[in-house]
Amino acid sequence: MNKFDINKIRSDFPIFTNKSLVYLDSAATTQKPKQVIDAVSDFYSYYYANVHRGIYELSMKATEAYHSARQKVANFINAPDWRSIVFTGGTTESINLLAYSWARKNVRENDEILITEMEHHSNIVPWQLVAKETGATLKYIPINIDGTLDLDNIDKLITNKTKLVGVIHQSNVFGTINPIKKIINHAKKVNALTFIDAAQSIPHRPVDVQNLDCDFLAFSGHKMLGPTGIGVLYGKTELLDSMAPFMGGGDMINSVTMSESTWNDIPYKFEAGTPNIAQAIGFGAAIDYINEIGLTNIYDYVKHLLNIALEKLRTIDGLTIYGHQVGESSSVISFNLKGIHPHDIAQFLNQDGIAVRAGHHCAQPIMDKLGVSSTIRASFYLYNTEEEIDLLCESLRKTQAFFN
Ligand SMILES: Cc1ncc(COP(=O)(O)O)c(C=O)c1O
(Lines give C-alpha, C1' and ligand atoms only; values in the text may rest on other atoms or scores of the structure.)
Protein backbone atom coordinates (compact mmCIF):
# COMPACT_ATOMS: atom_id res chain seq x y z
CA MET A 1 0.00 0.00 0.00
CA ASN A 2 2.79 2.39 -0.93
CA LYS A 3 0.62 5.29 -2.02
CA PHE A 4 -1.95 4.80 0.73
CA ASP A 5 -1.61 7.52 3.34
CA ILE A 6 -4.78 7.44 5.46
CA ASN A 7 -4.03 10.76 7.20
CA LYS A 8 -3.56 12.50 3.88
CA ILE A 9 -6.71 10.89 2.53
CA ARG A 10 -8.80 11.95 5.52
CA SER A 11 -7.47 15.48 5.21
CA ASP A 12 -8.88 15.59 1.66
CA PHE A 13 -12.43 15.23 3.03
CA PRO A 14 -13.74 18.46 4.59
CA ILE A 15 -16.43 16.54 6.48
CA PHE A 16 -13.79 14.88 8.64
CA THR A 17 -12.79 18.21 10.16
CA ASN A 18 -15.64 17.10 12.41
CA LYS A 19 -13.43 14.84 14.53
CA SER A 20 -16.34 13.19 16.31
CA LEU A 21 -17.87 11.78 13.12
CA VAL A 22 -17.48 8.04 12.50
CA TYR A 23 -19.00 7.57 9.08
CA LEU A 24 -19.81 3.92 8.39
CA ASP A 25 -22.49 4.31 5.74
CA SER A 26 -20.54 4.49 2.49
CA ALA A 27 -22.64 1.75 0.88
CA ALA A 28 -25.53 4.24 0.99
CA THR A 29 -23.40 7.12 -0.25
CA THR A 30 -19.79 8.19 0.10
CA GLN A 31 -18.32 11.42 1.44
CA LYS A 32 -16.68 13.82 -1.03
CA PRO A 33 -13.04 14.90 -1.23
CA LYS A 34 -12.34 18.59 -1.78
CA GLN A 35 -11.00 17.75 -5.25
CA VAL A 36 -14.56 16.78 -6.25
CA ILE A 37 -16.20 19.68 -4.43
CA ASP A 38 -13.71 22.08 -6.07
CA ALA A 39 -14.33 20.64 -9.54
CA VAL A 40 -18.06 21.27 -9.17
CA SER A 41 -17.50 24.69 -7.62
CA ASP A 42 -14.97 25.72 -10.32
CA PHE A 43 -17.43 24.82 -13.05
CA TYR A 44 -20.17 26.95 -11.49
CA SER A 45 -17.71 29.75 -10.66
CA TYR A 46 -15.56 30.04 -13.77
CA TYR A 47 -16.89 28.29 -16.86
CA TYR A 48 -20.57 27.60 -16.30
CA ALA A 49 -22.64 27.28 -19.48
CA ASN A 50 -24.88 24.74 -21.15
CA VAL A 51 -23.27 21.98 -23.20
CA HIS A 52 -23.56 21.12 -26.91
CA ARG A 53 -25.53 24.29 -27.57
CA GLY A 54 -23.37 27.36 -27.63
CA ILE A 55 -20.75 28.26 -30.24
CA TYR A 56 -19.04 30.46 -27.70
CA GLU A 57 -15.97 29.81 -25.65
CA LEU A 58 -17.61 29.15 -22.28
CA SER A 59 -20.03 26.61 -23.69
CA MET A 60 -17.23 24.89 -25.59
CA LYS A 61 -15.22 24.63 -22.38
CA ALA A 62 -18.22 23.19 -20.50
CA THR A 63 -18.88 20.73 -23.34
CA GLU A 64 -15.25 19.67 -23.33
CA ALA A 65 -15.29 19.06 -19.55
CA TYR A 66 -18.56 17.11 -19.82
CA HIS A 67 -17.17 14.97 -22.61
CA SER A 68 -13.91 14.43 -20.77
CA ALA A 69 -15.90 13.08 -17.77
CA ARG A 70 -17.58 10.58 -20.09
CA GLN A 71 -14.22 9.48 -21.47
CA LYS A 72 -12.89 9.03 -17.90
CA VAL A 73 -15.86 6.79 -17.08
CA ALA A 74 -15.27 4.77 -20.26
CA ASN A 75 -11.59 4.30 -19.38
CA PHE A 76 -12.44 3.39 -15.79
CA ILE A 77 -14.51 0.37 -16.86
CA ASN A 78 -12.42 -0.32 -19.97
CA ALA A 79 -15.32 0.41 -22.32
CA PRO A 80 -14.01 0.36 -25.90
CA ASP A 81 -16.04 3.39 -26.94
CA TRP A 82 -17.23 6.51 -25.08
CA ARG A 83 -20.53 6.22 -26.95
CA SER A 84 -21.27 3.21 -24.72
CA ILE A 85 -21.52 5.51 -21.70
CA VAL A 86 -24.99 6.97 -21.15
CA PHE A 87 -25.14 9.48 -18.31
CA THR A 88 -28.21 9.03 -16.12
CA GLY A 89 -29.29 10.23 -12.70
CA GLY A 90 -27.95 7.05 -11.05
CA THR A 91 -28.17 3.26 -11.06
CA THR A 92 -31.94 3.28 -10.53
CA GLU A 93 -32.53 5.49 -13.55
CA SER A 94 -30.11 3.40 -15.62
CA ILE A 95 -32.07 0.22 -14.89
CA ASN A 96 -35.37 1.93 -15.62
CA LEU A 97 -33.95 3.18 -18.92
CA LEU A 98 -33.01 -0.39 -19.82
CA ALA A 99 -36.40 -1.73 -18.76
CA TYR A 100 -38.22 0.96 -20.69
CA SER A 101 -36.17 1.28 -23.86
CA TRP A 102 -34.94 -2.27 -24.33
CA ALA A 103 -37.23 -4.63 -22.39
CA ARG A 104 -40.61 -3.17 -23.30
CA LYS A 105 -39.71 -3.51 -26.97
CA ASN A 106 -37.99 -6.89 -26.88
CA VAL A 107 -39.65 -8.93 -24.16
CA ARG A 108 -42.91 -10.71 -24.99
CA GLU A 109 -45.50 -12.89 -23.33
CA ASN A 110 -44.01 -16.18 -22.08
CA ASP A 111 -40.46 -14.83 -22.23
CA GLU A 112 -38.46 -14.91 -19.02
CA ILE A 113 -36.35 -12.37 -17.18
CA LEU A 114 -34.01 -13.83 -14.61
CA ILE A 115 -32.67 -11.87 -11.65
CA THR A 116 -31.60 -12.99 -8.17
CA GLU A 117 -33.12 -12.87 -4.71
CA MET A 118 -30.10 -10.76 -3.73
CA GLU A 119 -31.05 -7.70 -5.80
CA HIS A 120 -31.57 -4.17 -4.57
CA HIS A 121 -35.19 -3.09 -5.16
CA SER A 122 -33.88 -0.97 -8.06
CA ASN A 123 -33.14 -4.19 -9.94
CA ILE A 124 -36.42 -5.87 -8.99
CA VAL A 125 -39.23 -3.36 -9.36
CA PRO A 126 -38.49 -2.24 -12.97
CA TRP A 127 -38.58 -5.91 -14.07
CA GLN A 128 -41.80 -6.57 -12.17
CA LEU A 129 -43.32 -3.67 -14.12
CA VAL A 130 -42.00 -5.08 -17.41
CA ALA A 131 -43.34 -8.54 -16.57
CA LYS A 132 -46.75 -7.14 -15.72
CA GLU A 133 -46.96 -5.15 -18.95
CA THR A 134 -45.60 -7.78 -21.31
CA GLY A 135 -46.86 -11.01 -19.76
CA ALA A 136 -43.28 -12.23 -19.31
CA THR A 137 -42.28 -14.22 -16.23
CA LEU A 138 -39.84 -12.85 -13.69
CA LYS A 139 -37.71 -15.58 -12.15
CA TYR A 140 -35.14 -15.47 -9.39
CA ILE A 141 -31.84 -17.26 -8.76
CA PRO A 142 -32.27 -18.20 -5.08
CA ILE A 143 -29.90 -17.23 -2.30
CA ASN A 144 -28.48 -19.48 0.36
CA ILE A 145 -28.84 -18.50 3.99
CA ASP A 146 -25.06 -17.84 4.07
CA GLY A 147 -25.51 -14.89 1.72
CA THR A 148 -24.30 -16.54 -1.49
CA LEU A 149 -26.21 -17.31 -4.67
CA ASP A 150 -27.46 -20.85 -5.09
CA LEU A 151 -26.27 -21.60 -8.61
CA ASP A 152 -26.86 -25.37 -8.46
CA ASN A 153 -29.81 -25.13 -10.85
CA ILE A 154 -28.51 -22.33 -13.04
CA ASP A 155 -28.88 -24.47 -16.17
CA LYS A 156 -32.54 -25.04 -15.37
CA LEU A 157 -33.17 -21.39 -14.50
CA ILE A 158 -31.59 -20.03 -17.68
CA THR A 159 -33.65 -21.47 -20.53
CA ASN A 160 -34.35 -20.75 -24.18
CA LYS A 161 -37.12 -18.46 -22.95
CA THR A 162 -34.69 -16.27 -20.99
CA LYS A 163 -34.28 -12.87 -22.61
CA LEU A 164 -32.30 -11.08 -19.91
CA VAL A 165 -30.23 -12.11 -16.91
CA GLY A 166 -29.70 -9.28 -14.41
CA VAL A 167 -27.36 -9.77 -11.45
CA ILE A 168 -26.01 -7.66 -8.62
CA HIS A 169 -22.19 -7.79 -8.59
CA GLN A 170 -21.63 -7.01 -4.92
CA SER A 171 -24.48 -7.39 -2.43
CA ASN A 172 -25.37 -4.20 -0.58
CA VAL A 173 -26.53 -6.35 2.35
CA PHE A 174 -24.02 -9.22 2.65
CA GLY A 175 -21.03 -7.76 0.84
CA THR A 176 -20.90 -11.00 -1.19
CA ILE A 177 -19.12 -10.76 -4.54
CA ASN A 178 -21.10 -12.81 -7.03
CA PRO A 179 -19.47 -14.93 -9.78
CA ILE A 180 -20.88 -12.74 -12.53
CA LYS A 181 -18.55 -13.97 -15.25
CA LYS A 182 -19.82 -17.52 -14.73
CA ILE A 183 -23.46 -16.35 -14.85
CA ILE A 184 -22.82 -14.25 -17.96
CA ASN A 185 -21.30 -17.31 -19.68
CA HIS A 186 -24.40 -19.37 -18.85
CA ALA A 187 -26.64 -16.61 -20.25
CA LYS A 188 -24.63 -16.55 -23.48
CA LYS A 189 -25.37 -20.20 -24.11
CA VAL A 190 -29.03 -19.28 -24.75
CA ASN A 191 -28.30 -15.83 -26.25
CA ALA A 192 -29.89 -14.03 -23.31
CA LEU A 193 -28.65 -10.49 -22.74
CA THR A 194 -26.88 -9.71 -19.48
CA PHE A 195 -27.09 -6.77 -17.11
CA ILE A 196 -24.80 -6.19 -14.13
CA ASP A 197 -25.75 -3.93 -11.22
CA ALA A 198 -22.29 -2.70 -10.26
CA ALA A 199 -23.43 0.08 -7.88
CA GLN A 200 -21.59 -1.48 -4.93
CA SER A 201 -18.68 -3.14 -6.69
CA ILE A 202 -17.31 -0.39 -8.95
CA PRO A 203 -16.15 1.85 -6.06
CA HIS A 204 -14.05 -1.03 -4.74
CA ARG A 205 -12.63 -3.20 -7.50
CA PRO A 206 -11.61 -2.99 -11.12
CA VAL A 207 -14.52 -3.88 -13.40
CA ASP A 208 -13.66 -4.50 -17.03
CA VAL A 209 -16.73 -4.62 -19.27
CA GLN A 210 -14.78 -6.09 -22.19
CA ASN A 211 -13.43 -8.90 -20.10
CA LEU A 212 -16.85 -9.59 -18.54
CA ASP A 213 -18.49 -9.26 -21.96
CA CYS A 214 -21.73 -8.14 -20.30
CA ASP A 215 -24.26 -6.34 -22.48
CA PHE A 216 -25.26 -3.67 -19.95
CA LEU A 217 -23.91 -2.46 -16.62
CA ALA A 218 -24.97 0.34 -14.26
CA PHE A 219 -23.51 2.31 -11.37
CA SER A 220 -23.85 5.60 -9.47
CA GLY A 221 -21.37 8.45 -9.03
CA HIS A 222 -22.36 9.24 -5.45
CA LYS A 223 -21.22 5.81 -4.21
CA MET A 224 -17.70 6.43 -5.51
CA LEU A 225 -16.87 9.90 -4.14
CA GLY A 226 -18.80 11.73 -6.87
CA PRO A 227 -21.86 13.97 -6.64
CA THR A 228 -25.45 12.77 -6.41
CA GLY A 229 -27.58 12.97 -9.55
CA ILE A 230 -25.11 11.29 -11.89
CA GLY A 231 -24.86 7.65 -12.89
CA VAL A 232 -24.07 5.48 -15.84
CA LEU A 233 -25.69 2.95 -18.08
CA TYR A 234 -22.98 1.17 -20.04
CA GLY A 235 -24.30 -0.68 -23.06
CA LYS A 236 -22.72 -2.31 -26.10
CA THR A 237 -22.98 0.27 -28.89
CA GLU A 238 -24.93 -1.95 -31.27
CA LEU A 239 -27.54 -2.61 -28.56
CA LEU A 240 -27.84 1.05 -27.56
CA ASP A 241 -28.12 1.93 -31.26
CA SER A 242 -31.01 -0.47 -31.67
CA MET A 243 -32.94 0.86 -28.69
CA ALA A 244 -35.72 3.43 -28.66
CA PRO A 245 -35.27 6.64 -26.65
CA PHE A 246 -36.22 6.71 -22.98
CA MET A 247 -37.39 10.30 -22.61
CA GLY A 248 -38.12 12.91 -25.28
CA GLY A 249 -36.83 16.47 -25.34
CA GLY A 250 -33.80 18.61 -26.11
CA ASP A 251 -30.49 17.07 -27.19
CA MET A 252 -31.88 13.59 -27.84
CA ILE A 253 -33.24 14.61 -31.24
CA ASN A 254 -31.73 14.92 -34.66
CA SER A 255 -34.67 16.77 -36.18
CA VAL A 256 -38.22 17.64 -35.19
CA THR A 257 -41.12 18.46 -37.47
CA MET A 258 -44.75 18.94 -36.50
CA SER A 259 -45.46 15.34 -37.41
CA GLU A 260 -42.38 13.41 -36.35
CA SER A 261 -38.89 13.44 -34.90
CA THR A 262 -35.67 11.61 -35.55
CA TRP A 263 -33.08 10.71 -32.94
CA ASN A 264 -29.60 11.87 -32.16
CA ASP A 265 -26.71 9.39 -32.07
CA ILE A 266 -25.88 7.43 -28.94
CA PRO A 267 -25.34 8.26 -26.16
CA TYR A 268 -27.18 11.59 -26.63
CA LYS A 269 -30.31 9.76 -27.78
CA PHE A 270 -30.80 8.77 -24.14
CA GLU A 271 -29.90 12.10 -22.57
CA ALA A 272 -32.98 14.28 -22.98
CA GLY A 273 -32.88 17.83 -21.65
CA THR A 274 -30.01 19.75 -20.11
CA PRO A 275 -27.82 17.06 -18.57
CA ASN A 276 -26.36 17.07 -15.06
CA ILE A 277 -23.23 18.85 -16.25
CA ALA A 278 -21.77 19.84 -12.90
CA GLN A 279 -22.41 16.37 -11.51
CA ALA A 280 -20.69 14.72 -14.48
CA ILE A 281 -17.66 16.99 -14.09
CA GLY A 282 -17.56 16.17 -10.36
CA PHE A 283 -17.84 12.49 -11.23
CA GLY A 284 -14.83 12.83 -13.52
CA ALA A 285 -12.87 14.41 -10.66
CA ALA A 286 -13.90 11.51 -8.38
CA ILE A 287 -12.53 9.04 -10.93
CA ASP A 288 -9.28 11.03 -11.11
CA TYR A 289 -9.06 10.90 -7.32
CA ILE A 290 -9.63 7.14 -7.18
CA ASN A 291 -7.10 6.58 -9.99
CA GLU A 292 -4.54 8.72 -8.20
CA ILE A 293 -4.78 6.54 -5.08
CA GLY A 294 -5.24 3.36 -7.07
CA LEU A 295 -8.33 1.17 -7.03
CA THR A 296 -6.38 -1.90 -5.97
CA ASN A 297 -4.81 0.05 -3.09
CA ILE A 298 -8.34 1.05 -2.04
CA TYR A 299 -9.48 -2.56 -2.38
CA ASP A 300 -6.59 -3.86 -0.24
CA TYR A 301 -7.10 -1.25 2.46
CA VAL A 302 -10.86 -1.77 2.70
CA LYS A 303 -10.39 -5.56 2.72
CA HIS A 304 -7.95 -5.13 5.61
CA LEU A 305 -10.55 -3.01 7.49
CA LEU A 306 -13.27 -5.53 6.71
CA ASN A 307 -11.25 -8.43 8.12
CA ILE A 308 -10.49 -6.52 11.31
CA ALA A 309 -14.13 -5.50 11.69
CA LEU A 310 -15.35 -9.07 11.17
CA GLU A 311 -12.85 -10.40 13.70
CA LYS A 312 -13.78 -7.79 16.34
CA LEU A 313 -17.54 -7.93 15.81
CA ARG A 314 -17.44 -11.72 16.13
CA THR A 315 -16.19 -11.33 19.73
CA ILE A 316 -19.44 -9.57 20.77
CA ASP A 317 -21.90 -12.01 22.39
CA GLY A 318 -25.31 -12.18 20.78
CA LEU A 319 -24.15 -10.49 17.57
CA THR A 320 -25.15 -12.26 14.34
CA ILE A 321 -23.32 -11.37 11.14
CA TYR A 322 -25.12 -12.17 7.89
CA GLY A 323 -22.86 -13.49 5.12
CA HIS A 324 -19.03 -13.43 5.03
CA GLN A 325 -18.80 -17.18 5.60
CA VAL A 326 -17.94 -18.57 2.20
CA GLY A 327 -16.55 -17.14 -1.01
CA GLU A 328 -15.46 -13.59 -1.65
CA SER A 329 -16.94 -10.60 0.18
CA SER A 330 -16.20 -6.93 0.60
CA SER A 331 -16.78 -3.61 2.40
CA VAL A 332 -20.28 -4.18 3.89
CA ILE A 333 -21.26 -5.97 7.11
CA SER A 334 -24.90 -6.51 8.10
CA PHE A 335 -25.61 -7.74 11.60
CA ASN A 336 -28.09 -7.81 14.46
CA LEU A 337 -27.72 -7.78 18.22
CA LYS A 338 -29.95 -10.29 19.97
CA GLY A 339 -33.04 -8.73 21.56
CA ILE A 340 -32.39 -5.14 20.41
CA HIS A 341 -34.16 -3.53 17.47
CA PRO A 342 -31.74 -2.32 14.76
CA HIS A 343 -33.26 1.17 14.83
CA ASP A 344 -32.58 1.42 18.57
CA ILE A 345 -28.99 0.32 18.01
CA ALA A 346 -28.51 2.90 15.25
CA GLN A 347 -29.86 5.61 17.54
CA PHE A 348 -27.53 4.64 20.35
CA LEU A 349 -24.56 4.53 17.95
CA ASN A 350 -25.58 7.95 16.68
CA GLN A 351 -25.20 9.33 20.21
CA ASP A 352 -21.54 8.32 19.95
CA GLY A 353 -21.22 10.03 16.56
CA ILE A 354 -21.34 6.74 14.64
CA ALA A 355 -23.37 6.75 11.42
CA VAL A 356 -24.61 3.31 10.35
CA ARG A 357 -27.66 2.29 8.36
CA ALA A 358 -30.55 0.40 9.97
CA GLY A 359 -33.37 -1.03 7.89
CA HIS A 360 -34.06 -3.42 5.05
CA HIS A 361 -31.46 -1.73 2.78
CA CYS A 362 -33.91 -1.79 -0.15
CA ALA A 363 -33.58 -5.58 -0.21
CA GLN A 364 -36.74 -6.88 1.42
CA PRO A 365 -36.59 -10.31 -0.28
CA ILE A 366 -33.26 -10.86 1.53
CA MET A 367 -34.80 -9.84 4.86
CA ASP A 368 -37.64 -12.33 4.21
CA LYS A 369 -35.11 -15.06 3.54
CA LEU A 370 -33.18 -14.25 6.72
CA GLY A 371 -36.44 -14.05 8.71
CA VAL A 372 -35.70 -10.53 10.00
CA SER A 373 -37.36 -7.20 9.30
CA SER A 374 -34.12 -5.25 9.26
CA THR A 375 -30.42 -5.26 10.11
CA ILE A 376 -27.69 -2.84 11.07
CA ARG A 377 -25.25 -2.23 8.25
CA ALA A 378 -21.73 -0.89 8.68
CA SER A 379 -19.91 -0.17 5.44
CA PHE A 380 -16.36 0.97 4.87
CA TYR A 381 -14.44 3.00 2.35
CA LEU A 382 -10.97 4.39 1.87
CA TYR A 383 -11.28 7.05 4.61
CA ASN A 384 -12.24 4.74 7.47
CA THR A 385 -9.78 3.65 10.15
CA GLU A 386 -9.12 0.77 12.52
CA GLU A 387 -9.84 3.12 15.44
CA GLU A 388 -13.34 3.66 14.07
CA ILE A 389 -13.94 -0.09 14.19
CA ASP A 390 -12.92 -0.08 17.86
CA LEU A 391 -15.32 2.79 18.51
CA LEU A 392 -18.11 0.87 16.78
CA CYS A 393 -17.49 -2.25 18.90
CA GLU A 394 -17.24 -0.21 22.08
CA SER A 395 -20.50 1.59 21.36
CA LEU A 396 -22.24 -1.70 20.52
CA ARG A 397 -21.11 -3.18 23.86
CA LYS A 398 -22.36 -0.08 25.67
CA THR A 399 -25.73 -0.35 23.91
CA GLN A 400 -25.95 -4.00 24.85
CA ALA A 401 -25.17 -3.23 28.50
CA PHE A 402 -27.93 -0.59 28.52
CA PHE A 403 -30.58 -3.00 27.23
CA ASN A 404 -29.59 -6.03 29.31
C1 LIG B 1 -26.69 -2.67 -5.37
C2 LIG B 1 -27.43 -1.39 -5.57
N3 LIG B 1 -28.13 -1.21 -6.69
C4 LIG B 1 -28.78 -0.07 -6.93
C5 LIG B 1 -28.76 0.96 -6.02
C6 LIG B 1 -29.50 2.22 -6.33
O7 LIG B 1 -28.59 3.27 -6.53
P8 LIG B 1 -29.10 4.76 -6.70
O9 LIG B 1 -29.93 5.05 -5.47
O10 LIG B 1 -27.84 5.57 -6.73
O11 LIG B 1 -29.89 4.84 -7.92
C12 LIG B 1 -28.07 0.81 -4.83
C13 LIG B 1 -28.07 1.88 -3.81
O14 LIG B 1 -27.98 1.64 -2.63
C15 LIG B 1 -27.38 -0.41 -4.59
O16 LIG B 1 -26.70 -0.61 -3.47
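Count, please, the residues in segment 16-34 that happen to be under 23 Å from the mean Cα position of the chain (by Cα), away from the ligand (no atom under 16 Å from the Cβ) and open to solvent by less than 70 Å² (accessible area, probe 1.4 Å).
So the answer is 2.
One line per residue, one yes/no per condition, for (1) touching a residue at least 60 places away in the same chain (Cβ under 8 Å); (2) open to solvent by 10 Å² or more (accessible area, probe 1.4 Å); (3) within 10 Å of the ligand (Cβ to nearest atom):
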position: T194; (1), (2), (3): no, no, no
position: P206; (1), (2), (3): yes, yes, no
position: N211; (1), (2), (3): yes, yes, no
position: F216; (1), (2), (3): yes, no, no
position: S220; (1), (2), (3): yes, no, yes
position: G226; (1), (2), (3): yes, no, no
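Elements of the type helices (runs of 4 or more DSSP H) sitting completely within segment 334-404 and holding at least 2 residues that are in contact (Cβ under 8 Å) with a residue 60 or more places away in the chain and open to solvent by less than 80 Å² (accessible area, probe 1.4 Å): these cover 364-370, 386-403.
Please work out which residue is nearest to the ligand (Cβ to nearest atom), limiting yourself to segment 86-138 and to residues that are under 26 Å from N276 (Cβ atoms) and part of a strand (DSSP E or B). Checked segment 86-138; the qualifying residue nearest to the ligand (Cβ to nearest atom) is T88. Evaluate the following for R70: is it among the basic types (K, R), within 25 Å of K236 (Cβ to Cβ) and open to solvent by less than 70 Å² (accessible area, probe 1.4 Å)? Against the criterion (among the basic types (K, R), within 25 Å of K236 (Cβ to Cβ) and open to solvent by less than 70 Å² (accessible area, probe 1.4 Å)), R70 qualifies. Across segment 149-161, a minimum of one residue is classified as in contact with a strand residue (DSSP E or B) (Cβ under 7 Å, 6 or more places away or on another chain), free of Cβ contacts under 8 Å to residues at least 12 places away in the same chain and either assigned to a strand (DSSP E or B) or closer than 20 Å to A363 by Cα (or both). Please verify whether segment 232-246 includes one or more residues that are within 16 Å of the ligand (Cβ to nearest atom), in contact with a helix residue (DSSP H, G or I) (Cβ under 8 Å, 6 or more places away or on another chain), open to solvent by 10 Å² or more (accessible area, probe 1.4 Å) and assigned to a loop (DSSP other than H, G, I, E, B). Checked against the condition, which is being within 16 Å of the ligand (Cβ to nearest atom), in contact with a helix residue (DSSP H, G or I) (Cβ under 8 Å, 6 or more places away or on another chain), open to solvent by 10 Å² or more (accessible area, probe 1.4 Å) and assigned to a loop (DSSP other than H, G, I, E, B), segment 232-246 yields at least one hit. Screening A79 with (1) open to solvent by 70 Å² or more (accessible area, probe 1.4 Å); (2) in contact (Cβ under 8 Å) with a residue 40 or more places away in the chain; (3) more than 16 Å from the ligand (Cβ to nearest atom) gives one miss only, at (1).
Quick check on N254: is it open to solvent by 10 Å² or more (accessible area, probe 1.4 Å), of a type outside the set (V, I, T) and in contact with an Asp or Glu (Cβ under 7 Å, 6 or more places away or on another chain)? Taking the combined requirement at face value, the residue does not satisfy it.
The values are calculated or read from the model by the stated rules, or taken from the named source; none is laboratory data. Computed from a predicted structure; not experimentally measured. For neighbour counting, all protein chains shown are included, and Cβ atoms are generated from backbone atoms with ideal geometry for every residue, glycine included. Accessible surface areas use protein heavy atoms only, side chains included; no ligands, DNA or RNA. Shrake-Rupley method; radii C 1.70, N 1.55, O 1.52, S 1.80 Å.
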